[in-house]
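Here the structure is laid out as structure tokens; the discussion comes afterwards.
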Amino acid sequence: MRNRMSVRERFDRFVIPEPMSGCFLWMGAYTHNGYGQFSMRVGGKTTKYRAHRFAWALENGPIPNEKQVLHRCDDRACVNVAHLYIGDHRQNMADMTARGRRATGTRSGCAKLTEAQVREIRHFGLSAPRDRGGRRIGAGAMVRLMGVGVTTLQCIYRGVRWTSLAPLLLLLALPLLADLPVVPTPRPTARPTT
């Protein structure tokens, strides 16, 4: 009869410590987006688990519903439970944004415009561009030229969309804002109750 390994022993076979960062790196299979993947037969059926989630569950028990296991170390291959914590999707997205991992602008894959076009749209609000004949281009022509809707054009100009690029108006206003005195905001007074 074969000597069977425990689940922990099987899992630990694929883990090596990285002394510089303190991460325990997963050396087994990976998912398409870089997370470790651990497979196990349960009830005659092979089930695949994300390695960091499995490591958390081995150490701490089941992961609560609607919760995710997040990395403090930003290394998707890390399965060190000390580098993992429980959070929700909102926390995961906020963490991704705070650490600069969210694809914005042309990196997002959904962008129809380039950064140069966005700057041109923002500049368009200050001084309308001209065509080759020297005539001013209106908003309708700009929409056709850029291939986006009027609302998108307006949102880009106002800085609601493409927030990764500072709005041109803000960049132009920064030197002026630096010279303004800071005025405290008056606090509202409580109304007497009758």
Using beta carbons and a limit of 7 Å, which pairs, at least six apart or on different chains, have the first residue in the range 41-60 and within 18 Å of M5 (Cα to Cα) and touching a residue at least 12 places away in the same chain (Cβ under 8 Å) and the second one open to solvent by less than 40 Å² (accessible area, probe 1.4 Å) and part of a loop (DSSP other than H, G, I, E, B)? A51/G28; A51/V79; A55/V79
Restrict the check to the range 69-89 and report whether at least one residue is in contact with a Ser or Thr (Cβ under 8 Å, 6 or more places away or on another chain) and under 30 Å from V148 (Cα atoms). no
Going by the structure shown, is L171 surrounded by 10 or more Cβ atoms within 10 Å (Cβ to Cβ), modelled with pLDDT under 60 and closer than 30 Å to T97 by Cβ? yes
Can you tell me which of (1) of a type in the set (D, E, K, R); (2) surrounded by 14 or more Cβ atoms within 10 Å (Cβ to Cβ); (3) at pLDDT 80 or above is the one K112 doesn't meet? (2)
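The values are calculated or read from the model by the stated rules, or taken from the named source; none is laboratory data. Fair warning: this is a prediction, and the values are worked out from it, not measured in the lab. Here the Cβ is made from the backbone with ideal geometry for all residues, glycine too, and neighbour counts use every protein chain on show. We work out accessible area using only protein heavy atoms, side chains counted, and drop any ligands, DNA or RNA first. Shrake-Rupley method; radii C 1.70, N 1.55, O 1.52, S 1.80 Å.
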